[in-house]
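Asks: Could you have a look at this structure, given as structure tokens, before my questions?
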Amino acid sequence: MALLVQKFGGTSVASVSHIQKVAERIIAAKAEGHDVVVVVSAMGEQTDTLDALAREVDFYEREARREIDVLLSTGEQVTIALLSMVLMKLGCAAKSYTGGQIRILTDDAHTRARILEVETQNLRADIEANIVPVVAGFQGVNERGEITTIGRGGSDTTAVALAAVLKADECQIFTDVEGVFTTDPRIVEGARCLERITFEEMLELASLGSRVLHSRAVEFASKYQVPIRVLSSFGQSAGTLITNEDPKMEQPVISGIAFTRDEAKLTVLGVKDIPGIASRILGPVSDANIEVDMIVQNVAADKSTDFTFTVRRDDYQEAMDILKKVAKDIDAREVSGDNKIAKLSLVGVGMRSHAGVATRMFRILAKESINIQMISTSEIKISVVIDEKYLELAARTLHTAFELSVENGNLA
């Protein structure tokens, strides 16, 4: 018998009939002898609907964030009540809980709060009494009892947090896909569902564009050693287990390819190569809460430098406006930009013991006449910025070249 935390996303609970199927899956797990704690998201596109209402009000001052949290948190409250009712109707004892009722304690950062502590008294009492606790994901309360939300993907983080404090055997994330694929199967026909992947690899994939899991949830799972299984609400496959690297197993060189179109590049040309210049360029950008990703600095023979970095595409125009003002202050020659780029990344813990992956990647892209504009590497990742129009060609070509359609095919 195991203790399972099962999280069901918005597509899994999009209607009462969907919720019925979720309830049947929970009851099946109980029938196998498992204890189950459930975390749910809002139904379907409900969070987007609530967000659209807030946008109609058109008031974005800081004090509005508290009220936005109050608004957005209602979506999950609907789901926990409906699912609990369906479970009870089917003869399974259940009880719904908001984040505040469980007391998922967070910091004060409304709309993007971080979980600090989770009380388990009610949950453990329900488990002992053979009651299924149904918990609202995405939300908590601060020290003053005010409702907070923990950002997009927050229900995943809630589920992992509960699994950590309850010392669950597994945190199961039910979604609309079979598991974690080698790349986006909508783009690459031969994409394969992985049986197993490490926390490190999943964290890289999540942060680099894979939308299966939120990176904060993976960080939490890695920190507290919570095995995560990603699987479909609509099928019976075993899904993908996300866990520690097994030193006894030979790891594939490349486990997956992640990519994102949400990229833009900005360059400040003709900057003086002096200490502190990077801070003077990026400081105002950071002050505007614009996240900078990749950075490249090229120093010319005349001691001037071109400073290039990437931001999310939605932040492109604001960052460009900021840089034009900065350029005047630092006496730069000009500012240029490109919001039609994409980032593509190879990820695999096997890179640690296999040299030449970057060279092979660059050679493959060159054969397709795909120019690399920027490069970033880590121990288990290689990322490149390319023209957006070549993204799908690059993904398909690299997936084939590294034989990702075949298990362990890229070890050779």
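Asks: Calculate for the chain the 222 nm mean residue ellipticity that helices alone would give, adding -39,500 (n - 2.57) per DSSP H run of length 4 or more and normalising by residue count, nearest 500 deg cm²/dmol.
Replies: -10500 deg cm²/dmol
Asks: Antiparallel DSSP bridges in the stretch 3-176: what percent, to the nearest 5?
Replies: 25 percent
Asks: How high is the FRET efficiency from Asp302 to Asp107, r the C-beta distance, R0 51 Å, rounded to 0.05?
Replies: For Asp302 and Asp107, the calculated efficiency is 0.60.
Asks: How much of the DSSP bridge set in the chain is antiparallel, in percent, rounded to the nearest 5?
Replies: 65 percent
Asks: Kirkwood-based Rg over Rh for the stretch 257-411 (C-alpha set), two decimals?
Replies: Over the Cα atoms of the stretch 257-411, Rg/Rh equals 1.03.
Asks: With +1 on each Lys and Arg Cβ and -1 on each Asp and Glu Cβ, how big is the dipole of the chain about its Cα centre, in debye rounded to the nearest 20?
Replies: Around 420 debye, computed over the chain.
Asks: When you count, for each residue, the other Cβ atoms within 10 Å and take the mean per peptide, how do 264-277, 170-183 rank with the highest first?
Replies: By packing density, highest mean first, the sequence is 170-183, 264-277.
Asks: I've got another one for you. Pop the C-beta distance of Arg186 and Asn339 into the FRET formula with R0 = 25 Å and round what comes out to the nearest 0.05.
Replies: Plugging the Cβ-Cβ distance into 1/(1 + (r/R0)^6) gives 0.65.
Asks: Please give the charge dipole size of the stretch 143-217, origin at the Cα centre, charges +1 on K and R Cβ atoms and -1 on D and E Cβ atoms. Round to the nearest 20 debye.
Replies: 180 debye
Asks: Read through the labelled values [x] 0.96; [y] 1.42; [z] 1.08 and report the label of the one computed as Cα Rg over 2.2 N^0.38 Å from the structure.
Replies: [z]
Asks: For a quick protection proxy, order the peptides 97-106, 284-293, 43-52 by their average other-Cβ count within 10 Å, most packed first.
Replies: Packing proxy ranking, top to bottom: 97-106, 43-52, 284-293.
Asks: Pull out the extension gain between Glu117 and Asp287, defined as 0.36 nm times the separation in residues minus the alpha carbon to alpha carbon distance; nm, one decimal.
Replies: Between Glu117 and Asp287, full extension yields 58.3 nm more.
Asks: Still on this model: From the phi angles alone, apply the Karplus equation (6.51, -1.76, 1.60; θ = phi - 60°) to the stretch 12-20 and give each ³J(HN,Hα) in whole Hz, x where the residue is Gly or Pro.
Replies: 6, 10, 5, 8, 5, 5, 5, 4, 4
Asks: In addition: Select from the stretch 370-401 those GluC sites (Glu not before Pro) which occupy a DSSP coil region and have at most 15 other Cβ atoms within 10 Å, ordered by residue number.
Replies: Here the sparse-neighbourhood loop sites are Glu379.
Asks: Are there any trypsin sites (Lys or Arg not before Pro) in the stretch 319-359 that are in a DSSP loop and have at most 16 other Cβ atoms within 10 Å? List them by number.
Replies: Those that pass, being in a loop and sparsely packed, are Arg333.
Asks: Okay, moving on. How far is helix 391-401 tilted, in degrees, relative to the longest principal axis of the Cα atoms in the chain, given as a value from 0 to 90 rounded to the nearest 10?
Replies: Tilt relative to the chain: about 80 degrees.
Asks: Let me ask something else about it. Treat each spin label as a single point 7 Å out from the Cα along the C-beta direction, and report the Asp176 to Ser369 distance in nm.
Replies: Each label point lies 7 Å from its Cα, and together they span 3.7 nm.
Asks: Report the label-to-label distance for Lys328 and Ala64 in nanometres (one decimal), using points 7 Å from each Cα along the Cα→Cβ vector.
Replies: Computed distance between label sites Lys328 and Ala64 equals 2.9 nm.
Asks: What distance in nm separates the two pseudo spin-label positions at Ala355 and Lys89, each 7 Å out from Cα along the beta-carbon direction?
Replies: Placing both labels 7 Å beyond Cα along the Cβ direction yields 6.5 nm.
Asks: Taking a label point 7 Å from the Cα of Glu143 along the Cα→Cβ vector, which residues of the stretch 80-110 have an amide N closer than 14 Å to it?
Replies: Once the point is set 7 Å along Cα→Cβ of Glu143, 105-109 turn out to lie under 14 Å by backbone N, inside the stretch 80-110.
Values in this text are rule-based calculations from the coordinates and carry no lab data. All values derive from a computational prediction rather than experimental measurement. Don't worry about glycine lacking a Cβ; one is built from the backbone with ideal geometry, like all the others, and counts go over all protein chains shown.
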